[in-house]
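This report concerns only the one structure given below.
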Amino acid sequence: MGVSSSAVNQRYNRTNSDLLPNNMKRNIHGIFCLEGDWWNDFNRASTVKPILKLLSQGVGLSVPFIHRDVGTREELVYYLRRWRQASGKRYPILYLAFHGGPNCLYVGDQRRSDAVVKLDELAEMLGSGLSGRAVHFGSCGTMKTDRRNIQRFLKATGLEAATGFKSDIEWLQSSVFDVLFFEAFLRYAITRKGVSSVNQVISTEHRHMKRALEFRMEIRDRQKR
């Protein structure tokens with residue numbers, strides 16, 4: 001049975017003060033996606049682009065997105081700098097779709113020593129002053145690391161939150177989850193209160209997938225006075 005447009009609209013017309021105003025739905029919370037090469041095989045063209053296109057065409061939503069392929073560390077640095085400048089204001093969600101491991105991403109040829117980009121290095125690439133933005137790691141195992149590593153990353157960059165997975169993830173299942181996750185993220189402002197609400201939505205509405213994929217959200221700790 002299909003969901004009526006009135007039901008969808010009602011879902012988005014909540015009174016929670018931290019929800020985005022209806023007239024802003026189409027203009028903010030864009031997604032800036034950087035994607036690595038999944039297979040090192042020109043005949044296999046897996047990509048997260050369909051996820052972004054689906055979100056951009058959803059009922060009650062029109063999510064703007066930018067997608068760029070990244071094959072080297074230099075390209076990663078270049079596009080992260082582009083994001084933190086003009087693009088970041090309209091596209092406050094950074095979606096990093098790469099192979100990964102605990103506390104790191106793999107960029108380019110994994111046989112190279114410089115393919116490993118640890119969170120501390122990623123923080124240096126991003127720079128500071130990124131409050132009101134968040135990053136989602138669409139990678140295996142990046143969030144399987146000590147909480148202190150993630151908090152150091154968040155403190156250095158100013159990002160409100162980092163999300164991702166602690167385990168190796170299956171492509172199709174994680175893609176479905178990413179759609180649901182971004183849909184939940186788009187309901188709220190990217191503030192400490194907003195991302196906490198997103199975490200609650202995921203924990204209640206999608207708890208089984210959250211558990212299966214070992215999804216994790218870390219929210220930047222408040223600065224001690």
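The values are calculated or read from the model by the stated rules, or taken from the named source; none is laboratory data. Keep in mind that this is a model prediction, so the values were computed, not measured. All Cβ positions, even for glycine, are placed from backbone atoms using ideal geometry, and neighbour counts span all protein chains on display.
So is Ala161 modelled with pLDDT of 95 or more and more than 16 Å from the chain's Cα centre (by Cα) or not?
no
Residues being closer than 22 Å to Thr47 by Cβ, under 16 Å from the mean Cα position of the chain (by Cα) and without any contact (Cβ under 8 Å) to a residue 40 or more places away in the chain: count how many of those fall in segment 88-114.
Residues in segment 88-114 being closer than 22 Å to Thr47 by Cβ, under 16 Å from the mean Cα position of the chain (by Cα) and without any contact (Cβ under 8 Å) to a residue 40 or more places away in the chain: 1 in total.
Taking only pairs six or more apart or across chains, which ones have beta-carbon atoms under 7 Å, a first residue in segment 192-207 that is farther than 23 Å from Gln223 by Cα, and a second residue that is assigned to a helix (DSSP H, G or I) and of a type in the set (Lys, Arg)?
Correct list of pairs: Ile202/Lys210; Ser203/Lys210.
Return the residue satisfying two criteria in turn: it lies in segment 172-191 and is free of Cβ contacts under 8 Å to residues at least 40 places away in the same chain and not polar (S, T, N, Q), and of such residues it is nearest to Ser46 (Cα to Cα).
Among them, the one singled out is Leu172.
Determine, yes or no, whether Ser139 is among the hydroxyl-bearing types (Ser, Thr, Tyr), at pLDDT below 95, surrounded by 17 or more Cβ atoms within 10 Å (Cβ to Cβ) and not in a loop (DSSP other than H, G, I, E, B).
Here the answer is no, as Ser139 does not meet what is asked.
Please determine, by comparing only the residues of segment 63-104 that are among the β-branched types (Val, Ile, Thr) and assigned to a strand (DSSP E or B), which one is surrounded by the fewest Cβ atoms within 10 Å (Cβ to Cβ).
In this case the residue turns out to be Ile66.
Among the candidates Val117, Val59, single out the residue that is of a type in the set (Val, Ile, Thr), at pLDDT below 90 and either assigned to a loop (DSSP other than H, G, I, E, B) or more than 15 Å from the chain's Cα centre (by Cα) (or both).
None of the others qualify; the one that does is Val59.
Identify the single condition in (1) assigned to a loop (DSSP other than H, G, I, E, B); (2) among the polar types (S, T, N, Q); (3) more than 18 Å from Val195 (Cα to Cα) that Ser131 does not satisfy, given that it satisfies every other one.
(3)
Tally up the residues in segment 155-170 that are in contact with a strand residue (DSSP E or B) (Cβ under 7 Å, 6 or more places away or on another chain) and part of a loop (DSSP other than H, G, I, E, B), please.
Total meeting the criteria: 3.
Here are the criteria: (1) crowded, with 19+ Cβ neighbours inside 10 Å; (2) part of a helix (DSSP H, G or I); (3) in contact with a Ser or Thr (Cβ under 7 Å, 6 or more places away or on another chain). Tell me which single one Phe177 does not satisfy.
With respect to (1) crowded, with 19+ Cβ neighbours inside 10 Å; (2) part of a helix (DSSP H, G or I); (3) in contact with a Ser or Thr (Cβ under 7 Å, 6 or more places away or on another chain), Phe177 is out only on (3).
Which one of the conditions (1) of a type in the set (S, T, N, Q); (2) in a helix (DSSP H, G or I); (3) farther than 25 Å from Gly127 by Cα does Asn149 fail to meet, given that it meets all the rest?
In the conditions (1) of a type in the set (S, T, N, Q); (2) in a helix (DSSP H, G or I); (3) farther than 25 Å from Gly127 by Cα, Asn149 misses (3) alone.
With respect to Arg216, determine if the residue is within 12 Å of the chain's Cα centre (by Cα), at pLDDT 95 or above and among the basic types (Lys, Arg).
yes
Go through the residues of segment 131-144 one by one and say whether even a single one is touching a Gly at 6+ places or on another chain (Cβ under 6 Å) and over 25 Å from Glu74 (Cβ atoms).
Looking through segment 131-144, at least one residue is touching a Gly at 6+ places or on another chain (Cβ under 6 Å) and over 25 Å from Glu74 (Cβ atoms).
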